[in-house]
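Since every read-out is calculated from the coordinates, none of them should be taken as a lab result. Here the structure is a predicted model, which is why all the values come from computation and not from measurement. Cβ placement follows ideal geometry from the backbone for every residue including glycine, while neighbour counts extend to all protein chains displayed.
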Amino acid sequence: MLNAAASYLHTSAEIRQLCRESKFTAPTPGLAPGFVQANLVILPDDWAFEFLLFCQRNPKACPILDVTEIGSPEPKLIAPGSDLRTDLPRYKIFRQGQFWEETTDIRAFWHQNLVAFLIGCSFSFENAMIAVGLPVRHIETGKNVPMYKTNINCIPTQRFSGPLVVSMRPLPAHQVVRAVEVTQRYHKAHGSPVHIGDPSAIGIQTLENPDYGDAVPLHPGEVPVFWACGVTTQTAILQAQPEFAITHAPGHMFISDLRDEDLTL
């Protein structure tokens, strides 16, 4: 998924500039190593408090990194000077709780009562995994991370509810404990896994058909390891059915100016 226009870039600002110019529209795993990637949710202000409450009740899936001022597209805490209307590779538009369309620029959809939420992403601990010799299969194969809906229910609010979504990375059995040790430090990037092993135990019938992203191969002796995923927020939006919402397209994250180590315990 890493195209030639972005493969040589190493900073968050460089990636955001390419997105702003509509020159990069692919998934972001492996880009700008060391910089924190984030999920995006944009809602009208009359839905913002309840969504914040949903995130507070489900911090494993929805760790908040930044919340913008009403009407502002600038995440001042994690990327001052950036523009959430243009600086992601791809967005999803929802109307009345239904997916409406996908786009690479949301300036035409922006209005002054919107609030944007930036939520931690597991891509932020992948560099640490690679640094200690742990495989990250979707990066190795140039794919988007596989993501699955589970039978684990989030703690609901009055309007937001839905299943936990997880991302999966296969690991040799003898390296699973090391992966837990490495990732648990990144508490604002989903932290340690929520499940290890049998997918059916969390309601996933087959790994070959992820709900989002791309399937990746499991090699002999490997175990599927599952982490909470920020795409959980998109399933909650489908349940709540706000009149209008915008999210990132799964795997097409906002790359902030935070460094990965800023998210550790």
> Considering every Cα-Cα pair within the chain, what fraction, in whole percent, is farther apart than 35 Å?
Replying inline: 9
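Find the Rg to Rh ratio for the range 125-232, where Rh is the Kirkwood radius over alpha-carbon pairs and Rg uses the same atoms. Please list the in-between numbers first.
Numbers: Rg = 13.6 Å, Rh = 14.2 Å.
Rounded to two decimals, Rg over Rh is 0.96.
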>> Using a Cα-Cα cut-off of under 26 Å, which lysines could be cross-linked to Lys23, ignoring same-chain neighbours fewer than 8 residues away?
In response: Lys76, Lys92, Lys143
> What value, in deg cm²/dmol to 500, does the helix sum -39500 (n - 2.57) over DSSP H runs of n ≥ 4 give at 222 nm once divided by the residues of the chain?
Replying inline: -5500 deg cm²/dmol
> Do any cysteines of the chain lack a neighbour Cys whose Cβ is under 4.7 Å away, and which are they?
Replying inline: Cys19, Cys121, Cys154, Cys229
>> For His195, what residues show an amide H to amide H distance below 5 Å, using hydrogens built from the backbone and excluding near sequence neighbours?
In response: Phe226
> How high is the relative contact order of the chain, in percent, counting Cα pairs under 8 Å that sit 6 or more residues apart?
Replying inline: 30
> Out of the range 1-96, which GluC sites (Glu not before Pro) are coil in DSSP terms and have no more than 16 other C-beta atoms within 10 Å?
Replying inline: Glu21, Glu69
> Per the Cauchy relation, a quarter of the hull surface: what is the mean projected area of the convex hull of the alpha carbons in the range 29-175, in nm²?
Replying inline: 10.1
